[in-house]
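S.K.: Attaching a single structure in structure tokens format; questions to follow.
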Amino acid sequence: MIPSFVFSLAEVALQLYAGLMSFRAIQSEDAKDDKQWLTFWLLYTLFQTASIVTDVVGGVLPFYEEIKIGLFVFMGAFNGASRIYPVLEPLLLQADVVAKKYEAVAKAKINEQ
């Protein structure tokens, strides 16, 4: 079994790599790399948020940490974020409709006061 600090180091290395590549994407004139890294950070944030729950359940599954790190490497280094995003896009669009509805209700309540 691989010690947990190895996975922490791998995750830090991935975040540094993604940060560097995001910086380079911002500096470049090509919009394609901007989209890749915006998509990566969106999916990374969603998966990290979901991992609050999945880490409890996944902790008992064999190779859970390896799969999790592999997913993040796939999303960043192998342009996997652009392959995963189309699968999640319909769900995100539905969530955005709901969020806009509640946002409109909250603004209306603020304006009432």
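S.K.: For the structure I just gave you, tell me whether A18 is in a helix (DSSP H, G or I), open to solvent by less than 60 Å² (accessible area, probe 1.4 Å) and out of contact with any helix residue (DSSP H, G or I) (no Cβ under 9 Å at 6 or more places or on another chain).
M.R.: no
S.K.: Now a separate question. How about the stretch 60-113: which of its residues are closer than 17 Å to T49 by Cα and open to solvent by 100 Å² or more (accessible area, probe 1.4 Å)?
M.R.: Residues satisfying the conditions are I67, L91.
S.K.: Tell me which residues, restricted to the stretch 21-54, are under 12 Å from the mean Cα position of the chain (by Cα) and open to solvent by 100 Å² or more (accessible area, probe 1.4 Å).
M.R.: Hit for the stretch 21-54 is L38, nothing else.
S.K.: Among (1) touching a residue at least 24 places away in the same chain (Cβ under 8 Å); (2) in a helix (DSSP H, G or I); (3) open to solvent by 50 Å² or more (accessible area, probe 1.4 Å), there is one condition V57 misses while meeting the rest; what is its number?
M.R.: (1)
S.K.: Taking the stated definitions as given, is K100 at pLDDT below 85 and either more than 14 Å from the chain's Cα centre (by Cα) or under 26 Å from L9 (Cα atoms) (or both)?
M.R.: Spelling it out, it is not the case that K100 is at pLDDT below 85 and either more than 14 Å from the chain's Cα centre (by Cα) or under 26 Å from L9 (Cα atoms) (or both).
S.K.: May I ask you to list the residues in the stretch 15-36 that are in contact (Cβ under 8 Å) with a residue 40 or more places away in the chain and under 22 Å from L92 (Cβ atoms)?
M.R.: Passing the criteria: A18, K35, Q36.
S.K.: Here is a further query. The conditions are (1) in a helix (DSSP H, G or I); (2) over 18 Å from the mean Cα position of the chain (by Cα); (3) of a type in the set (A, V, I, L, M, F, W, C), and I84 fails exactly one of them. Which is it?
M.R.: Condition not satisfied by I84: (2).
S.K.: What number of residues within the stretch 1-14 satisfy the criterion of being more than 30 Å from P90 (Cβ to Cβ) and in contact with a helix residue (DSSP H, G or I) (Cβ under 8 Å, 6 or more places away or on another chain)?
M.R.: 4
The values are calculated or read from the model by the stated rules, or taken from the named source; none is laboratory data. Here the structure is a predicted model, which is why all the values come from computation and not from measurement. In this analysis, Cβ positions are derived from the backbone assuming ideal geometry, glycine residues included, and neighbour counts consider all displayed protein chains. Side chains included, ligands, DNA and RNA excluded: accessible areas come from the protein's heavy atoms. Shrake-Rupley method; radii C 1.70, N 1.55, O 1.52, S 1.80 Å.
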